[in-house]
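Have a look at the structure below before the remarks.
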Amino acid sequence: MSTMKNLQIPSDASRLPVTLPALAEKKRLGEPIVMVTAYDYPSARAAEAAGVDLVLVGDSGAMTVLGYDSTVPVTLDELLVLARAVRRGLRTPFMVGDLPFGSYEVSDEQAVQTAFRFVKEAGCDAVKLEGGGPVSVARAKAIVQAGIPVMGHVGLTPQTSTALGGYKAQGRSAHGAMKVATEALALQDAGCFSIVFEAIPSALSAELMPHMQIPVIGIGAGPATDGQVLVFHDLLGIREGLGARFVKRYAHLQEEMDAGVAAYAAEVRSRAYPGPEHGYSIDEAELQAFREAFAR
Ligand code: KIV
């Protein structure tokens, strides 16, 4: 029997919506927290069916579904369209909307207004913002004070990858590790309910975990974190190329999609599709009546 068939998937009806206390309890009990990104109704349905704990409408959707070459250009309105579709597909996971670049940095007011749009217009339970410098920490605090839970994000922060020297692992020097540690603790002190560690050494995560009271979700941060997140398209292989070192592929859907569309195109061209089973019938007498009327 395949491992896929052995998976225990909680049934829709038996599963309660995931709450902040439930996430904190998972951390306390040492139960791994599962997070995945989603950008539309089908990806949300897959996350729901798998019984994941957290769904992030990531600004990675800029690249995975909107075709931009980085996360920088995506607008708030574009992400809100994706988030609304995800909301329609989710019932139980805790849903987090990712604040896009330029939608929160300018002022606390801008950050709070953007966060409210994710909650009011797309039904998000919380928002995520990148970075743990003074600006991000102030914005996180302002949003938390406005009543919206905030997830932080340190290490590799793709929105500011140019300033970080490229899309590469962070915290690999003593100085870099201290920056990650300082930022993570500052976001925790700002009231974030959780934090993402992205692309940092596994040993650094292990050093930091005893200091983290909030659930830490890792992506390329090793096994010590409280949970893991992967980008939907990366884990399912809906992309060209291999992606980052930390990505593990659980399916190869791009190949399946390419093959499926190619087979369809070939059958249309060879007239193998549509077959008689794909058509609708009409009563012979009705057809004859039509012919006579049409010929007049
Ligand atoms: O946008 C995104 O997908 C993310 C995750 C990688 C955490 O920020």
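The values are calculated or read from the model by the stated rules, or taken from the named source; none is laboratory data. Bear in mind that the values here come from a model prediction, so they are computed numbers and not experimental data. Cβ: placed from backbone, ideal geometry, glycine included. Neighbour counts: every protein chain shown. These accessible areas exclude ligands, DNA and RNA; they are computed on the full protein's heavy atoms, side chains included. Shrake-Rupley method; radii C 1.70, N 1.55, O 1.52, S 1.80 Å.
Under Stokes-Einstein, with the Kirkwood radius over Cα pairs as Rh, the value for the range 105-217 at 25 °C and 0.890 mPa s is 173 µm²/s.
Rolled with a 1.4 Å probe across the full set of protein chains, the surface gives Phe116 an accessible area near 80 Å². With a 1.4 Å probe rolled over the protein heavy atoms of all chains, the accessible area of Met257, Met35 falls in the order Met257, Met35, largest first. Here the range 91-110 is scanned for amide nitrogen atoms under 15 Å from the site 7 Å beyond the Cα of Ala22 along Cα-to-Cβ, giving 91-96.
Summing Cβ point charges (Lys, Arg +1; Asp, Glu -1) relative to the Cα centre of the chain gives a dipole of roughly 540 debye.
Size descriptors for the chain (Cα atoms only): Rg and Dmax, in that order, 23.3, 89 Å. Inter-part distance, the range 128-173 to the range 48-111, computed on C-alpha centroids, equals 15 Å. Estimated at the nearest 10 Å², the accessible area of Tyr68 is 70 Å² with a 1.4 Å probe. Considering only Gly227, Gly275, Gly165, the mean-square fluctuation computed in a Gaussian network model of the chain, springs between alpha carbons under 10 angstrom, is largest for Gly275. The residues packed around Asp98, meaning those with a beta-carbon under 15 Å from its beta-carbon, carry a net charge of -4 if Lys and Arg are +1 and Asp and Glu are -1. Spin-label pair Val268-Ile282: with each label point 7 Å from Cα along the Cα-Cβ axis, the two points sit 2.4 nm from one another. For the cross-link pairs Lys141/Lys248; Lys128/Lys168; Lys27/Lys128, which exceed 27 Å when the distance is taken from alpha carbon to alpha carbon? Long pairs (Cα-Cα over 27 Å): Lys141/Lys248. Among the protein heavy atoms, those of Arg117 account for about 80 Å² of accessible surface (1.4 Å probe, every chain in place).
Which listed residue (Gly191, Gly166, Val55) has the Cα farthest towards the positive end of the charge dipole for the chain, taking +1 on Lys and Arg C-beta and -1 on Asp and Glu C-beta about the Cα centre? Among Gly191, Gly166, Val55, the one farthest towards the positive end of the dipole of the chain is Gly191. Seen from Leu230, the other residues with C-beta closer than 13 Å to its C-beta sum to a net charge of +2, counting Lys and Arg as +1 and Asp and Glu as -1.
Computed over the chain with a Gaussian network model linking Cα atoms closer than 10 Å, the most mobile of Arg91, Arg271, Arg249 is Arg271. Largest GNM mean-square fluctuation among Ser70, Ser270, Ser103, using the chain with Cα springs under 10 Å: Ser270. Checking every one of the trypsin sites (Lys or Arg not before Pro) in the range 158-192 against DSSP loop status and a limit of 16 other Cβ atoms within 10 Å picks out Lys168, Arg172.
Each peptide among 235-243, 216-224 gets the average number of other Cβ atoms lying within 10 Å of its residues, and from highest to lowest they stand as 216-224, 235-243.
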